[in-house]
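Contents: one structure, followed by commentary.
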Amino acid sequence: MRKKYKNLIEDHILDYLPDIDHKSITLYESMKYSLTAGGKRIRPMLLLAAAEFTGCKIEEAIPYACAIEYIHTYSLIHDDLPAMDDDQLRRGQPTNHIIFGEAMAILAGDGLQSAAFEAMTKDLFLYFDNEDKLKKRIRAANEIIKGSGCRGIVAGQVADIESEDRACSGEMLDYIHLTKTAALIVAAVRAGAQLGGADAETLENLTIYAENLGLAFQIEDDILDVIGSEEEMGKKAGMDEAKKKSTYPALYGLEASQKKLMELTETAVDALASYYDNAEFFVKLAKDLATRGR
Ligand code: GRG
């Protein structure tokens with residue numbers, strides 16, 4: 001199933017970039033560079049899985065899956081900028097601003113964000129005479145816009161920047177992880193569920209799954225930094241010595257962080273226990289992410 005979702009995303013990931021005339025070919029190349037640089041596609045896979053899980057035809061969810069990957073990609077491009085984390089490498093390759101320059105990287109991020117909004121809304125007029133389908137799409141778009149905004153990843157980035165080089169409470173650290181990392185994972189799952197017209201209980205259970213998965217994902221990322229697989233060390237090269245960031249391993253130690261990671265993964269999986277084998281994709285993904293790199 002994971003392969004099916006991943007292939008669909010790879011096949012369609014460039015479909016919703018705006019037509020680029022010859023005057024802005026560099027912008028197009030810059031957006032394409034980061035969109036095709038080998039991301040794991042976790043958020044769009046989750047969106048497609050949640051859509052299918054709740055009864056939406058998978059092809060109807062593709063624009064939203066691409067939109068969330070566009071938002072994720074823009075956030076990574078901007079996060080790597082000199083004004084933010086000042087990273088030279090991402091996924092083992094030069095970051096966008098190293099290849100295209102700082103101004104173009106900012107614009108590529110901006111362009112990806114607006115392309116995401118366009119992907120989610122450009123065909124809405126086709127559903128003006130089908131109120132049910134129209135509502136599902138508007139609700140899905142709203143989830144993604146919310147997750148990408150001032151109550152989502154932007155809020156998380158602000159809190160992360162403001163907590164640099166300072167002692168950070170456990171409560172603040174959870175807030176940073178819930179906004180910076182979990183918000184877009186929650187948005188992916190909820191957007192898929194909205195497309196499928198999930199009932200309130202299913203939406204709530206999927207939200208609990210996604211929040212716990214999102215927190216677990218960030219803790220695992222920070223554990224991997226400490227354990228230091230080669231790929232992770234390369235990705236963060238140049239940052240950790242320059243800026244001191246609060247993380248679970250830094251605040252609670254490696255052993256307690258690993259325990260927390262397992263607890264969160266268990267809570268995520270338990271939230272979907274009543275759906276038995278239908279939730280297999282979500283359960284396997286949570287377990288695999290908790291042990292990635294090991
Ligand atoms: C709004 C500029 C701006 C930033 C928002 C999302 C974010 C804050 C910054 C991105 C950097 C970061 C370390 C985020 C934490 C979440 C995380 C571990 C992202 C990496 O996600 P993966 O592993 O990335 O899914 P791939 O490379 O697989 O696409």
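The values are calculated or read from the model by the stated rules, or taken from the named source; none is laboratory data. None of these values were measured; they are calculated from a predicted model. Note that each Cβ is placed from the backbone with ideal geometry, even for glycine, and that neighbours are counted across all protein chains shown.
The figures follow:
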| item | result |
| --- | --- |
| From the options Glu102, Glu52, Glu69, Glu60, residue that is in contact with a Lys or Arg (Cβ under 9 Å, 6 or more places away or on another chain) and surrounded by fewer than 22 Cβ atoms within 10 Å (Cβ to Cβ) | Glu60 |
| Failed condition for Ala216, given (1) small (Gly, Ala, Ser); (2) at pLDDT 95 or above; (3) farther than 30 Å from Glu59 by Cα | (3) |
| Top-ranked residue in the stretch 219-247 [being more than 21 Å from Met262 (Cβ to Cβ) and assigned to a helix (DSSP H, G or I); ranked as modelled with the lowest pLDDT] | Glu230 |
| Scope the stretch 120-134; condition in contact (Cβ under 8 Å) with a residue 24 or more places away in the chain and among the aliphatic types (A, V, I, L, M); matching residues | Met120 |
| Set Ala183, Ala141: member being of a type in the set (A, V, I, L, M), near the ligand (Cβ under 9 Å from one of its atoms), within 26 Å of Ile62 (Cβ to Cβ) and not in a loop (DSSP other than H, G, I, E, B) | Ala183 |
| Test: Phe117 is assigned to a helix (DSSP H, G or I) and either within 13 Å of the ligand (Cβ to nearest atom) or touching a residue at least 24 places away in the same chain (Cβ under 8 Å) (or both) | yes |
| Qualifying residue in the stretch 1-23 (condition: outside any helix (DSSP H, G or I), farther than 25 Å from Arg137 by Cα, out of contact with any Gly (no Cβ under 7 Å at 6 or more places or on another chain) and at pLDDT 95 or above) | no |
